[in-house]
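The values are calculated or read from the model by the stated rules, or taken from the named source; none is laboratory data. Values in this document were obtained by computation on a predicted structure and should not be read as measured data. Virtual Cβ from ideal backbone geometry, glycine too; neighbours counted across all protein chains shown. Please note that ligands, DNA and RNA were not included when accessible areas were found on the heavy atoms of the full protein model with its side chains. Shrake-Rupley method; radii C 1.70, N 1.55, O 1.52, S 1.80 Å.
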Amino acid sequence: AQMGDKDEKMGLSSPIWSKIESLELALKRRKIVGSAECAVETLQLLRHIVSKGKFNSVDDVIQAIKKVGKRLAAANRTQLTIGNSVRRVLHMIRQASAEIEQQKGTNDVVDVDLTRTLVKVMENSQEEFDLKMEVKKDLRQMIIDEISESVEDIQRVYAHIKVYSENHIHAKDVILTLGYSTTVLHFLSEAGKLEREFEVFVAESAPSYDGHKMATELAKRKIETTLITDSAAFAMMGVVNKVIIGTHAVLANGGLIARSGAHTVAAAAHHHKVPFICVSGMYKLCPLFGFDQDTFNDFKYPGEILKFQEKFVEKVNVQNPGHDYIPPQQVSLLITNEGGNSPSYIYRLLAEYYDVEDYDL
Amino acid sequence: MAKKKGGGKGKGSSKKKSGASGEELKQENVLQAVLLADSFKTCFRPLTLKKPKVLMPLVNVPMINYTLEFLASGGVKEVFVLCCAHVEQVRSHLKDCSYGRMMKIHVVYCENSYSEGDALRHLEQMQVLKSDFVLIGGDVISNIEMKEVLDRHHALRKRDKLNIMTMVLKCAEPNHRTRGAADRAVVVYDKDTEQLLVFDNKADSWKTEVDVTLINEHPCVEFRHDLMDTHIYVCALDILDLLTENFDWQDLQRDLVKGVLDDFVLGNKIHAHIITGEYAARVQDPKSYHAISRDVIQRWTYPMVPEYNLVAATSYTVFRHNIYKEDGVQIPQSCTQTCDIVVGKGTEIGEGCILDKCIIGRNVKIGKGCELRRCHIYDDCQIGPDARVVSSVLGKGVRIGTRASVGPNCLLGPGVKVNGNRAVDEFARLCVEFDADEDDQTDLKDRMYKRGKEITGIEGVCVYTPELEDLDKDAYETFCLEPSGELVWPRKDEDEDEDEDDDILDGKNAHDEKGKGVGDPEQKKQFEKELIETLHRGMKGNLSVESVVLEAGTVKLTYHSLVEEY
């Protein structure tokens, strides 16, 4: 893409554009992977743009962030946290502008709620703010502070989630989990510290087999662990009390984009009427909808399953999908760093974090 | 981004200069690469008559983009692109592409170069390379971590100044589809140090010779037939010096590698870096071109897959069964799609088509009821209703008429038109403009134009035959998209004289070395028959026992049987 025009540059200087391009390349080349990393990198870049860019009005800021955000999200379409971070920043900009406007003349800190509710429509009391308003230093500072707070939230997500574990894991529980997830690991180890006797079955999760790593980590924390194959999940479901897994993303309808193999476990749990709990940070919550297995899926490297050097490779077609879509009916509870919610309530949480105008970047 | 460490390996190029003159200049070695943008081969004619091979599209993206992406993500900062034919097209392509912003790209026109060796000698005269560099072909597709290879090379160089080159070799069984049609390399290396001892890729010999002194020096030697040369070499500057000294070294594999390995006096060493999980391959001929396209579509080159839009400004999304479609492309429901299909932007596909493992470029119009199997169709083509294209490459702007069929293994150059109801048979290579340089080729040219008109029904289409290049008839048949046979070793009959000498000397185990299993029982019968006839003659003619024995001895020598046999 050529960056010749003044319009295209949108008040952003060349050093900023080169930072944007290098992040875009790193995302495309899959040098930066992992939901939390991608989100943090995106937030940091957007914070840099807000603090250093030359903007005439709030509208300019919003348009610039939207344009940059669209490019970054397109660089890695299956990493939904990038788009989430962009939408969060846009929401923060609007929120901050409305607050600053309300504060004009007064020294009080005003809490502005920009969410659209039926009550507000009826009473005609929807708060608006002027898009053409100037971008002053205090507005920038407010936005920068909020972005920094978001980054800290993401970096401390494990500490926030694990406090909920004592409500959900009780003595004599038999828990099933799938593969390696740092969130689940912290969640379970916190319960382990409370000296409650519970047992964990870990499904090994082919073809990456990182269930092995999870089992060793849990065993190190003195939790009774059993490693099982993926195919044994249905058979073991009869003795399991609850299933706890981590996820790649949470969709607006409450469905999950989890690792490959999670849908099998969810279906087995649904059949046995076993509660299916998902733990994840709020930054993974995405305002998009998806209803089939392919919309947000990434087909990975076939070498994980079949070796290239063998001659019959030309006769075999290898599909190695990275993710599974789990419909909301199979999910019982979603535990985030702000507490537990049922999947049908997710759409309300969206309103706190994202604005409707940004759903389509 | 891997930055090379200084480490006293030749002169460094100063990247940063501090302001004040009294301060020391900070020296940083920039990683440089040499890209051979001309393979000096003719297997892709007539597609490469007017266009350089490195700009030919592989899955709708010029091949050189993949190599540049590989170099850029490996941390190379300066690239010297050596071109001979069609240098202007390469220059303008590199000016437009986005890699110019990530690395410094210099295009070097190597005049009067007829081989890779000549081009490198031309570069050496320019004295632009400062230290160890990456030497790579312009048609290499790879996703390996360059840092690993570079670290290994530097460690080896530190240990011994004679380690001048590290070759990257990929594991692929013999007859693997990604290997070139003529690739039958036998690699002999030291198992402990991975130092290369012999690299033999001769097409006409079924023997590889290993000097016994090598085995004495390297107690653990491994012979492998499943290694493919990826044409990614990390070289020291000594390589260029060797090339300048030996000015008859043409080809890299046959002359340079062999020359270095055979020379015990200088004692230079080459090491092999063997990769199994990662991917690296070079497009050597149409067979590997077809195979590597399939590899990219089947995602063996992850993350250089089409839908990441990494190597060019494309807009692909991927669907199940490796179907890639750019923005706005619609394939009607009535079409049968199997798998491994790529369709570029602006293409219109008619109803009821059969798409099977094909790669379709941009702005192609495909009529209804067409059958496209395992073919590559470049931009702006038009394929009439009910046409059939199988295992062929259609260059840019080709027009295929209604109900025409383009047979397996054809290469149609840009702009070729085929009338309706015609059948282009197997192995045909058609082109539109061919200028014969020499006068004695004019009547050959006229014949080929006539034949072209017979096949396609259009005036001005010429059949491109191997005779125009002074090649064998079956040279082009082996270099086709899907060769039918497997790699054939030259038969032992051709080397019979050599064999006989050895057998006479040993006198035993001749059968073991033959391996000519099918011929043996027949030979035995013939031998017995002649022996019996000799005895009969002897008895009839009342010859002495000694003379009969002598005759029988000559019969034995003719059929070199075991002594015990009679």
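Before moving on, here are some points about what is shown:
- Cα long-axis angle, helix A:80-102 against chain A (0 to 90 degrees, to the nearest 10): 40
- Accessible surface of the protein assembly as shown, 1.4 Å probe, proportion on carbon and sulfur as whole %: 50
- Scaled radius of gyration (Cα, divided by 2.2 N^0.38 Å) that segment A:199-281 gives: 1.07
- Under 5 Å from the amide H of B:Leu47 lies no amide H of any residue 5 or more positions distant or on a separate chain, with H modelled from the backbone and absent for Pro and chain starts.
- Nonlocal amide H pairs with A:Phe201, under 5 Å, H built at 1.01 Å: A:Ile175, A:Leu176, A:Thr177, A:Thr226
- DSSP-assigned coil residues among chymotrypsin sites (Phe, Trp or Tyr not before Pro) in segment A:270-318, each with at most 16 further Cβ atoms within 10 Å: A:Phe289, A:Phe291
- For the residue pairs B:Lys158/B:Lys207; A:Lys70/A:Lys136; B:Lys53/B:Lys368; A:Lys31/A:Lys307; A:Lys162/B:Lys147; A:Lys70/A:Lys315, the alpha carbons lie more than 27 Å apart in B:Lys158/B:Lys207; B:Lys53/B:Lys368; A:Lys162/B:Lys147; A:Lys70/A:Lys315.
- Here's how it looks for B:His273: its modeled amide H is under 5 Å from those of B:Met167, B:Val168, B:Leu169, which are all 5 or more places away or on a different chain.
- Rg/Rh for segment B:95-245, where both radii come from Cα atoms and Rh is the Kirkwood radius: 0.98
- Once all protein chains are placed together, B:Val107 keeps about 30 Å² accessible to a 1.4 angstrom probe.
- Each principal axis of segment B:123-182 carries a Cα extent, and these read 38, 29, 21 Å when sorted largest first.
- Per residue, the protein assembly as shown exposes 47 Å² of accessible surface when a 1.4 Å probe is rolled over the protein heavy atoms with every protein chain present.
- Alpha-carbon radius of gyration plus Dmax, which is the widest Cα pair, for the protein assembly as shown in Å: 34.2, 139
- Between segment A:50-82 and segment B:178-229, the alpha-carbon center distance in angstrom: 55
- Between the Cα long axis of helix A:211-220 and the first principal axis of chain A there is an angle of about 90°, rounded to the nearest 10.
- Alpha-carbon Rg with Dmax, taken over chain A, Å: 22.7, 77
- Taken residue by residue and averaged, Cβ atoms of other chains lying within 10 Å of the Cβ of B:294-303 number 5.
- Cβ-Cβ FRET estimate between B:Leu214 and B:Ser547, R0 fixed at 51 Å, reported to 0.05: 0.55
- Occluded residues from segment B:176-197, i.e. those whose accessible area drops by 20 Å² or more once the chain is not alone (1.4 Å probe): B:His176, B:Arg177
- The charge dipole of the protein assembly as shown, taken about its Cα centre with unit charges on the Cβ of Lys, Arg, Asp and Glu (plus for the first two, minus for the last two), comes to roughly 3480 debye.
- Between A:Lys213 and B:Lys161, the C-beta separation translates, for a Förster distance of 41 Å, into a calculated FRET efficiency of about 0.45.
- Solvent-accessible area buried by A and B, counting both chains, probe 1.4 angstrom, square angstrom: 3100
- Highest-MSF residue in chain A out of A:Gln141, A:Gln44, A:Gln319 [GNM, Cα springs under 10 Å]: A:Gln319
- Cα-based helix-to-principal-axis angle, A:14-28 vs chain A, degrees rounded to 10: 20
- Residues in segment B:315-335 occluded by at least 20 Å² - accessible area, probe radius 1.4 Å, against chain by itself: B:Thr317, B:Val318, B:Arg320, B:His321, B:Asn322
- Interface residues, segment A:290-316 - accessible area loss of 50 Å² or more versus chain alone, probe 1.4 Å: A:Phe299, A:Tyr301, A:Pro302, A:Phe308, A:Gln309, A:Lys311, A:Glu314
- Estimated purely from DSSP H runs of n ≥ 4, each contributing -39500 (n - 2.57), the mean residue ellipticity at 222 nm for the protein assembly as shown is -10000 deg cm²/dmol once divided by its residues.
- Relative counts (whole %) of C-alpha pair distances in segment B:251-394, using bins that are 5 Å wide: 2, 9, 15, 19, 15, 10, 7, 5, 5, 5, 4, 2, 1, 0
- 18 Å cut-off, amide nitrogen to a point 7 angstrom out along A:Asp130 Cα→Cβ, residues in segment A:39-62: A:55-62
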